[in-house]
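Comments concern the structure below.
The values are calculated or read from the model by the stated rules, or taken from the named source; none is laboratory data. Bear in mind that the values here come from a model prediction, so they are computed numbers and not experimental data. Every residue, glycine among them, receives a Cβ derived from its backbone with ideal geometry; neighbour counts consider all protein chains shown. Accessible surface is based on the protein model in full, side chains and every heavy atom, while ligands, DNA and RNA are left aside. Shrake-Rupley method; radii C 1.70, N 1.55, O 1.52, S 1.80 Å.
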Amino acid sequence: MNRESYIAQLKSSKEEWDFIVVGGGATGLGIAVDAATRGYKTVLLEQSDFAKATSSRSTKLVHGGVRYLQKGDVALVREALRERGYLRKNAPHLVKNQRFIIGNYLWWEKPFYTIGLTVYDLLAGKMGLGHSIPMSKKEVIKHVPEIEQKNLKGGVAYKDGQFDDARLAVNLVQTATEHGANVVNYVKVTELLKDANGKVSGVVAQDELNGGTFKLKGKCIINATGIFVDDIIKMDAPEEKPLVRPSQGVHLVVDKSFLGGDDAIMVPKTSDGRVMFGVPWHNRVILGTTDTPVKDFVLEPKALQEEVDFILETAGRYLTRKPQRKDVLCVFAGLRPLAAPQKHADETKTKEISRSHKLIASDSDLITITGGKWTTYRIMAEETIDLAIKRKSLPLKPCKTKNLKIHGYRENPDYNHWLYVYGSDQDEILRLQKENPDYAHKLIDDYDFTVGEVVWAIRNEMARTVDDVLARRVRVLYLDAKASIEIAPKVAKIMAQELRKDESWEKEQVKTYTDIAQCYLA
């Protein structure tokens, strides 16, 4: 994947694309993969880096949504469970079968959750990951040694999916390009073009890294910009009311020893009515999430102090070792693009706003997709392309993504090897390190990440900034924000050599990255 050659192709292109997809998060990338694999000429433009916003800041779960079942939204849960099955089958190098345990502290909880989770299993059908089972107090403590034991009666275990979100985004970029799509980061759409009939017919795009603007013609323009969908809608129809409302979710990352085992925990009802998870991830534990209404959509949202306090306090009720601020290795915040509430809904309660996706075609034929979650990205893409085919009378080509192996596909990966997230590319990185022993050197002593991974990210994964590498390619920012700041100068030097940049670029990158990473410290 060579960004420079893709940009050159776009700038010189006079052809009309079948699809111009705006937005390089989970939804946009899924649409690009769907369109390209059907054989349509596809281009995707992302204003920043792939999955820079919401799509790299999830709870790292591929799940049906136990709490939606509690609310009676059976159709939403069934769809998500089916899609969970497809994702597990098509990207086994990234999607793990993870056991979750709900500790029971009241006499009625074990039968209640056992019945509910058995329904959850039944809705998954053939795509199930395993059966839910009731557990004794002794069994719960054996699997989650650090769970709060006072008043613990037992528990219920169920299976769900766990994954690496930004790594999946990179693999979707690779999958789309392998099927002929032109996918680029750091290209911002600044204007929609319209024909004589008022229909959208192209975009004006700006290269955010090297400067310059260019026009692209397209039969169908898709707005898949997540939290920024209203910006594109306003370009099309300035009078339109906002389609989405921002809700902020915050997560804390702590050492794996706070759970003491390989199993995750789920707290079905916190004091604010949400569920809370403690999920093992890359030898750490992610605690979260919150649900706070906020006003602005930004690329780098910041956690509120009260959100951090809420997670620490809630986790402390269910763990024998109460996590403190000093134990937090990373705090990350993400914004959800929730469908705006109806007139009479309570706008302060974002958990009541729709979590399902919305698909809209405007009078000018701009197609907008918003909402949803990582688990359902594939079906969202399929529905979007199907609507576009009808709307624009494109030649009908069937969807192929249900059984499409995603780039990196590898059966039975060794999850204990730090390179497992690369799937089949793991062999290429090891070969790179063998050819040049310097590439095998660690970036920092306490972590396995190597120089070779940085080189790989630049050459093969379109990483163009230190933030791209440390936040979304090797994930150090999300595992240990302080360590990532230490590594930044070394990464900047490697990148400067690879990209032929000067010392001032290096210094600027280190400063920019350090400013970003400071906000991830507790």
Rank by packing, highest mean first: peptides 392-400, 28-36, 442-450, with packing defined as the count of other Cβ atoms within 10 Å averaged across residues.
-> 28-36, 442-450, 392-400
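Computing the accessible area with a 1.4 Å probe over protein heavy atoms, can you report the carbon and sulfur percentage for the range 481-522?
49
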Listed by chain and number, the residues whose amide H is under 5 Å from that of K397, excluding neighbours fewer than 5 places away on the same chain and using placed H, are none
Out of I233, I133, C330 - ranked by how far each Cα lies towards the positive end of the dipole of the chain, with unit charges on the beta-carbon of charged residues - the top one is I133
How much accessible area per residue does the range 1-53 have, in Å², with a 1.4 Å probe?
-> 26
For D386 paired with D195, estimate the spin-label separation in nm (one decimal), with each label point 7 Å from Cα along the Cα-to-Cβ line.
-> 2.6
Whole-number accessible area per residue in Å² for the range 172-251, which is evaluated in the context of all protein chains at 1.4 Å = 40
Site T118, offset 7 angstrom along Cα→Cβ, radius 16 Å on amide nitrogen, limited to the range 150-166, gives 155-159
Just grab the label-to-label distance for N412 and V204, each label 7 Å out from Cα along the Cβ direction, in nm (one decimal).
-> 5.7
Accessible-area composition of the range 182-310, carbon plus sulfur, in percent [1.4 Å probe] | 50
Segment E486-E139, extension gain: residue separation times 0.36 nm, minus the distance between their alpha carbons | 120.8 nm
Would you mind calculating the gained length between R459 and S5 on full extension (0.36 nm times residue separation, minus the Cα-Cα distance), in nm to one decimal?
-> 162.2 nm
Within straight-line cross-link reach of K52, lysines at Cα separation under 19 Å, skipping those fewer than 8 residues along the same chain | K60, K188, K302, K373, K511
With the full set of protein chains in place, find how many percent of the accessible area of the range 1-47 is carbon and sulfur; take the probe as 1.4 Å.
-> 48
Could you work out how far helix 74-90 tilts from the main Cα principal axis of the chain, as a 0 to 90 degree angle to the nearest 10?
-> 70
Helix 481-499: angle to the longest alpha-carbon principal axis of the chain, degrees 0 to 90, nearest 10?
-> 30
Per-pair calculated FRET efficiency, R0 = 22 Å: K126 and K405 via Cβ, rounded to 0.05 | 0.70
Residue pairs, from the table K110/K138; K194/K358; K215/K405, whose Cα atoms sit over 26 Å apart | K215/K405
The chain - charge dipole about Cα centre, Lys and Arg +1 at Cβ, Asp and Glu -1, debye rounded to 20 = 1420
Can you bin the range 143-299 into rounded, prolate or oblate? Criterion: square roots of the alpha carbon gyration tensor eigenvalues sorted a ≥ b ≥ c, rounded for a/c under 1.5, prolate for a/b above b/c, oblate for the rest.
-> prolate
Between T514 and R500, what length comes free when the chain is fully extended (0.36 nm per residue of separation minus the Cα-Cα distance, one decimal in nm)?
-> 2.9 nm
Expressed in nanometres to one decimal, the distance between label points 7 Å along Cα→Cβ at K150 and S364 is 6.1
